[in-house]
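Every number here is computed from the coordinates shown, using simple stated rules; none is lab data. No experiment lies behind these values; they were computed from the predicted model shown. Cβ sites come from the backbone with ideal geometry, for glycine too, and all protein chains shown count toward neighbours.
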Amino acid sequence: MKKIVQIILFVSVLAVVVSCQTKDKPNYQYMPNMYAPVSYETYGNYEVFPDGQEAMSPAEGSVARGWMPYEYENTPEGYEAAKANLKNPLPYTEDNLNEGKALYTIYCAICHGDKGNGQGTLAEREKILGVPAYNDAGRDITEGSVYHVTYYGRNNMGSYASQTTEEELWKINHYVMSLKHALNGDPDRTFVSSDDIETLPDNMTDEEGRTGSELNESASGYQSQELGDTRTEH
Ligand code: HEC
């Protein structure tokens, strides 16, 4: 008799314990710290942050690495001012042009076409309309207008500022202008020899945030080509 009572007791205790288990919910964690991180989770919601978001916008006045502030506003007036005044700070070297071509092929050719005639694959398949040729007389693009448009975007065309560095946009810029010359049948500019160029322009920064003037001072000097070479090795 005593044994039966013991068995019934044992079975009911077992039933109580087992019944706590559900397959729908996580079960007891014996060492929760092993599962839940102590730090804030990326993009998590936490009340301590403004807007309750772990991911915060950069503080006002922040300057992104590889960029200097761009002074022309995203307005029609800003566009006209950039078109008239802004010039490409990078020398027109063969290396800069070739790197510009590679970047152009990655980012722009899908709409604008390899020749810049507005006949990229997406334009031909009518996935995107109104892609102009670079020699479109009505637009009369300049180095400044091309930079402005690639920096801010324009109507159906997005901005490229988040995917490139300032330096890369200017390399693409050289290539776009050379396509424009080719479409017009104009002779292209003559190259500045790489030997004559040692540094970035003083007011530009490279990917590590070093300014051209710092690089000018450093003993090793700086060749535009070096940056290109290291990047392709990654
Ligand atoms: C998704 C397709 C698409 C891609 C990719 C694209 N563009 Fe465009 N681009 C357009 C369209 C559409 C327009 C016409 C915008 C308008 O004026 O309404 C345009 C216009 C332009 C213009 C003329 C702007 C003016 O001043 O009138 C330039 C220059 C230009 N693009 C350069 C580039 C460069 C450089 C890249 C690559 C970094 C690029 N585009 C990538 C679709 C694209």
Problem set entry | Links that overshoot a 21 Å alpha carbon limit, given the list Lys87/Lys115; Lys101/Lys127; Lys87/Lys180 | Lys87/Lys115; Lys101/Lys127
Exercise. Got a sec? How would Phe191, Phe10 order by Cβ neighbour count within 10 Å, fewest to most?
Worked result: Phe10, Phe191
Problem set entry | Exposure proxy ranking, count of Cβ atoms within 10 Å, fewest first, for Leu169, Leu9, Leu122 | Leu9, Leu122, Leu169
Problem set entry | Length added when fully stretched, Ala182-Tyr43, from 0.36 nm per residue minus Cα-Cα | 45.3 nm
Seminar exercise, completed: With R₀ set to 45 angstrom, the calculated FRET efficiency between the beta-carbons of Lys127 and Glu214, to the nearest 0.05, is 0.55
Exercise. In Å and whole numbers, how far do the C-alpha atoms of segment 1-102 stretch along each principal axis, longest first?
Worked result: 104, 35, 23
Problem set entry | Residue-averaged 222 nm ellipticity for the chain, from DSSP H runs of 4+ at -39500 (n - 2.57), nearest 500 | -12000 deg cm²/dmol
For this session: Using R₀ = 25 Å, calculate the FRET efficiency as 1/(1 + (r/R₀)^6) where r is the Cβ-Cβ separation of Ile4 and Lys25; round to 0.05.
Result: 0.10
Exercise. Helix 166-184 versus the longest principal axis of the chain: what is the Cα-based angle in degrees, 0 to 90, to the nearest 10?
Worked result: 50 degrees
For this session: Provide the descending list of Cα extents for the chain along its principal axes, expressed in whole angstroms.
Result: 110, 52, 36
Exercise. Relative to the longest principal Cα axis of the chain, at what angle does helix 224-233 sit, 0 to 90 degrees, rounded to 10?
Worked result: 30 degrees
Exercise. Nearest 0.05, what FRET efficiency do Asp51 and Ala161 give at R0 = 22 Å with Cβ-Cβ as r?
Worked result: 0.40
Exercise. Counting GluC sites (Glu not before Pro) as exposed when in a DSSP loop with at most 14 other beta carbons within 10 Å, what is the longest stretch of the chain free of them?
Worked result: 127-197
Exercise. How do Met56, Met157, Met1 line up, fewest other C-beta atoms within 10 Å first?
Worked result: Met1, Met56, Met157
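Which number do you get for Rg(Cα) / (2.2 N^0.38 Å) in segment 153-214?
Dividing the Cα Rg of segment 153-214 by 2.2 N^0.38 Å gives 1.40.
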